[in-house]
Amino acid sequence: MSVDASPSKTHDGGSVTESRTESERPAKRGPKPIESGPRPMAAHITVYLFAIIPAVALIASIPLLWGWGVTLLDLALLAAFYTLSVLGITTGFHRYFTHGSFKAKRSLRIVLAVMGSMAVQGPILHWVADHRRHHAFSDREGDPHSPWAFGTSPLAIMRGFWHAHMGWIFNRTLTNQERFAPDLLADKDMRLVHKLFGPLTIATMLAPAVIGGLVTWSWWGALTAFFWGSLVRVAVVHHVTWSINSICHIIGDRPYKARDKSANFWPLAILSMGESWHNLHHADPTSARHGVGRWQIDITARLIWFFEKFGWAYDVRWPRPERLAKLAKPAH
Ligand SMILES: [Zn+2]
Ligand SMILES: [Zn+2]
């Protein structure tokens, strides 16, 4: 061939390689798959245990509140561990790791990863990958937990509510971390915290019992502290977080232009530490503050503000009025 003896030899060689990759192109060059195989059986069984046992404890706690099974210490442990767990999720796993709404020094980054893990909502890489996938496909096919997955009839919404709230976590297929969380996969600190999820779960379940036992110097004190500070706390943390996925995609106000059904649901603002201002969050996912209105309390945003003041967090993406005005729906 005439191309043989010229610089085009390189070209020719190049094109051979080119044609070889051509056949593989769809698999290699397209986006990586959304999912990546099933969760190991042992891990899957623990998902069931940690979804069901704390929920049963929560139901059992209602009569105990009027009886002999609770002390002020138990309630203080419940409140303290609840606050730490929720803020670990909202400040750490959600606003920082998933959405990068601020930058953090390495020590704060590790503390947030550990605190988030102690909410017992799965290891960090799974949590972040699932949540980025939720935003990528929100309320469309591919969203891991949309309440609109089954249609809009009352029955379909009831089924969707269950799926978005809790049902989806029993799906064994994992979200592909290589596609949705390559930044965290590349970070050895995060890979380590991810691997330590088991021990961190044991620590967060035992800590209230140890404190309760030592303060009261009794096994009974350890037991009631475990019941309230561990089981009931994990159940409330779970159901508040899950309500953001279920309730806040069904009911509430939608003052901002989001491309999904996300809504601001004020009754959960305090318990969710600001996460229930979910419509603004979907309209502007990287904003460090979700409750942007005057009375929209956002405890997580306040914590990020403290971190910034102490110099542990920087480049915080605070909402700017011009941007909010652009995102707001036109008044009718
Ligand atoms: Zn959402
Ligand atoms: Zn989000």
Open item on the list: Under a Cβ-only charge scheme (Lys and Arg +1, Asp and Glu -1), can you give me the dipole magnitude of the range 57-327 about the Cα centre, in debye to the nearest 20?
Closed with: 580
Task: Net length gained if the chain between Phe306 and Arg323 were fully extended (0.36 nm per residue, minus Cα distance) - done: 3.8 nm
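Averaged per residue, what accessible area in Å² does the range 57-327 show with a 1.4 Å probe, protein chains only? The partial results should precede the final answer.
Details: 12680 Å² over 271 residues.
Value for the range 57-327: 47 Å² per residue.
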Task: Inter-label distance, nm, simple model (7 Å from Cα along the C-beta direction), Leu206/Arg294 - done: 5.2
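What pairs in Lys103/Lys261; Lys103/Lys326; Lys103/Lys329; Lys32/Lys329 have C-alpha atoms more than 32 Å from each other? Let's see the in-between values first.
Working: Lys103/Lys261 29 Å; Lys103/Lys326 25 Å; Lys103/Lys329 30 Å; Lys32/Lys329 34 Å.
Pairs exceeding the cut-off: Lys32/Lys329.
Quick test of the membrane-span-like rule: which DSSP H helices of the chain reach at least 15 Å along their long axis (C-alpha atoms) with mean Kyte hydropathy at least 0.0? Don't skip to the end; give the middle numbers.
On the way: long enough: 8-29 (29 Å, -1.83); 41-65 (36 Å, 2.10); 72-87 (22 Å, 2.04); 106-117 (17 Å, 1.10); 124-136 (18 Å, -0.78); 154-165 (16 Å, 0.23); 197-216 (29 Å, 1.62); 233-246 (19 Å, 0.39); 299-310 (17 Å, 0.79).
Span-like helices here: 41-65, 72-87, 106-117, 154-165, 197-216, 233-246, 299-310.
Between the DSSP loop rule and a limit of at most 15 other Cβ atoms within 10 Å, which trypsin sites (Lys or Arg not before Pro) in the range 217-290 are left? Don't jump to the answer; show the numbers that get you there.
Numbers: sites: Arg233, Lys257, Arg259, Lys261, Arg289; in loops: Lys257, Arg259, Lys261, Arg289.
Listed in order of number, the matching sites are Lys257, Arg259.
Got a sec? What order do Asp183, Asp130, Asp74 fall in by accessible area at 1.4 Å, biggest, i.e. largest, first? Please list the in-between numbers first.
Details: Asp183 75, Asp130 30, Asp74 0 Å².
Largest accessible area first, the residues go Asp183, Asp130, Asp74.
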Task: Label-point gap, in nm, between Phe137 and His44 - each point 7 angstrom along Cα→Cβ - done: 1.9
- [ ] Along Cα→Cβ, 7 Å out, is where each label goes; now give me the distance between the ones at Ser36 and Lys257 in nm to one decimal.
- [x] 3.5
TODO: Classify the range 105-224 as rounded, prolate or oblate from the Cα gyration tensor: take a ≥ b ≥ c as the square roots of its eigenvalues, call it rounded if a/c is under 1.5, otherwise prolate when a/b beats b/c and oblate if not.
DONE: oblate
Task: Sequence-separation-based contact order of the chain, relative, with Cα cut under 8 Å and 6+ spacing, percent - done: 20
TODO: Take the solvent-accessible surface of the protein heavy atoms, probe 1.4 Å, and return the percent of it on the range 57-327 that carbon and sulfur atoms account for.
DONE: 68
Open item on the list: Please list, ordered by chain and number, the residues whose modelled amide H lies under 5 Å from the amide H of Leu174; skip anything fewer than 5 residues away on the same chain.
Closed with: Ser36, Gly37, Arg39
- [ ] Would you check the accessible area of Thr83, probe 1.4 Å, heavy atoms only, in square angstrom rounded to 10?
- [x] 50
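Counting only protein chains, not ligands or nucleic acids, how are Lys309, Lys329 ordered by accessible area (probe 1.4 Å), most first? Write down the numbers at each step before the final one.
On the way: Lys309 130, Lys329 95 Å².
Per-residue accessible area, sorted high to low, gives Lys309, Lys329.
The values are calculated or read from the model by the stated rules, or taken from the named source; none is laboratory data. Owing to the predicted nature of the structure, the values given are computational and were not obtained by experimental measurement. Reconstructed Cβ throughout: ideal geometry from the backbone, glycine too, with neighbour counts over all protein chains shown. Areas reflect the complete protein model, heavy atoms only, side chains present, ligands, DNA and RNA absent. Shrake-Rupley method; radii C 1.70, N 1.55, O 1.52, S 1.80 Å.
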